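Below is one structure; the comments refer to it alone.
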Amino acid sequence: MPASTNDANSSGAITSTTDSSATIASTDRTKLTDKQFIEFSRQIFVEDFGELGQENLLNAKVLIIGAGGLGAQVAHQLVAAGVGAGVYGNLDAKTRINAGHIKLVDGDLVETSNIPRQLLFSMTDVGENKAKTAANRLNRQYQNANVRAVSCDLAADKLEHIFSDGCELDGYDLVIDCTDNLKARHLINELCVTHKLTLLSGAVAGNDGQVFCLDFDCKASQTTNGIQKAREHDFGCYQCLVPKGSTTSQSCSAIGVLGPTVSHIASTQAMFAISHLAGTFNHYGQLFRFQANPVRWLQMTLTRDSKCSVCCSKG
Ligand SMILES: [Zn+2]
């Protein structure tokens, strides 16, 4: 099994052991092999997904911010589906992992109270960095996984410091917000608007959760006419939905949460992510709200706030 060489430290710096001699051209695109066709055949057989959808997954780059209840499960599902696994299939584990086609960011440590719903972790992981622990586990479990861990305090300014110049955002097809605080959510939203990235946001607490996807890039050249039309619609941004200064009491530490409710939202995020990366997603700008008791989904269309200080000045 490949050994993980990625590292995350408490200072918030990205620890890199990249060997420049093993650098791969970003324009390389892997075609589906016979072995991969068999491995991913049940996905390929899904209507509208096909071999092209799987190839898109194999060549995708995803940034997941937050490695807790949502982020670790989203990462697990994307790795299992082959996201980012194609490009480095014939190379050694160190090269693959340093490439980090799935980058997982979190500075939190595993706590005892996380174990009932954060399924990648066990009691022996308590006290360890979440991003590093999850990445190590996935890189060991899946032969062609290349999950790179970044330690960063999501509630502090370090997140902005790491990503503000855009270097760490280069080439990512999707940014998945799995954080649990408003400051981080607003910062991630602003980064996606500024750098014209696609944002997939998920949140959960108590019996409620929500998921939405906003495409600030709008380069829908490979999608159908229907998807193109939807992506060009003006849906605004997270700031339009939840203005800065808003307060919320809906944290898991305050009102609790059940593991299956978290998994429900994480699975929806993973499903949306796979559809977006495959090129088959058509729910941009739609907010999906889930209630666990009684069970129901609500869907509504997001709209831009004409006075929004984020997307109206940069979008
Ligand atoms: Zn906005």
| task | Among the residues of the stretch 268-315, write down those that are more than 16 Å from the ligand (Cβ to nearest atom) and in a loop (DSSP other than H, G, I, E, B). | result | 279, 280, 281, 282, 283, 293, 294
| task | Taking only the stretch 102-122 into account, find how many residues are touching a residue at least 12 places away in the same chain (Cβ under 8 Å), surrounded by fewer than 16 Cβ atoms within 10 Å (Cβ to Cβ) and of a type in the set (Val, Ile, Thr). | result | 1
| query | Which residues, taken from the stretch 123-143, are in a loop (DSSP other than H, G, I, E, B) and either touching a Pro at 6+ places or on another chain (Cβ under 8 Å) or free of Cβ contacts under 8 Å to residues at least 12 places away in the same chain (or both)? | reply | 143
| said: I need the full set of residues from the stretch 27-50 which are of a type in the set (D, E, K, R) and either under 17 Å from residue 144 (Cα atoms) or part of a loop (DSSP other than H, G, I, E, B) (or both), in order please. | reply: 28, 29, 31, 34, 35, 39, 47, 48
| message | Please go through (1) within 19 Å of residue 170 (Cβ to Cβ); (2) at pLDDT below 90; (3) buried (at least 16 other Cβ atoms within 10 Å of the Cβ) for residue 227 and return the number of the only condition it doesn't satisfy. | response | (1)
| remark: Those residues of the stretch 170-188 that are touching a residue at least 40 places away in the same chain (Cβ under 8 Å) and within 12 Å of residue 159 (Cα to Cα) come to a total of 5
| Conditions: (1) crowded, with 23+ Cβ neighbours inside 10 Å; (2) within 16 Å of the ligand (Cβ to nearest atom); (3) within 21 Å of residue 108 (Cβ to Cβ). Residue 187 meets all but one. Number of the miss? | (1)
| query | Only one residue in 265, 255 is surrounded by fewer than 17 Cβ atoms within 10 Å (Cβ to Cβ), away from the ligand (no atom under 16 Å from the Cβ) and within 21 Å of residue 182 (Cβ to Cβ), so which one is that? | reply | 255
| note | Of the residues in the stretch 123-174, those that are crowded, with 22+ Cβ neighbours inside 10 Å and modelled with pLDDT under 80 come to 159, 163
| If you go through the stretch 213-224 one residue at a time, do you hit one that is out of contact with any helix residue (DSSP H, G or I) (no Cβ under 9 Å at 6 or more places or on another chain) and either away from the ligand (no atom under 16 Å from the Cβ) or at pLDDT 90 or above (or both)? | yes
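The values are calculated or read from the model by the stated rules, or taken from the named source; none is laboratory data. Remember, it's a predicted structure, so these values are computed and weren't measured experimentally. No Cβ is skipped: glycine too gets one built from the backbone with ideal geometry, and neighbour counts run over all protein chains shown.
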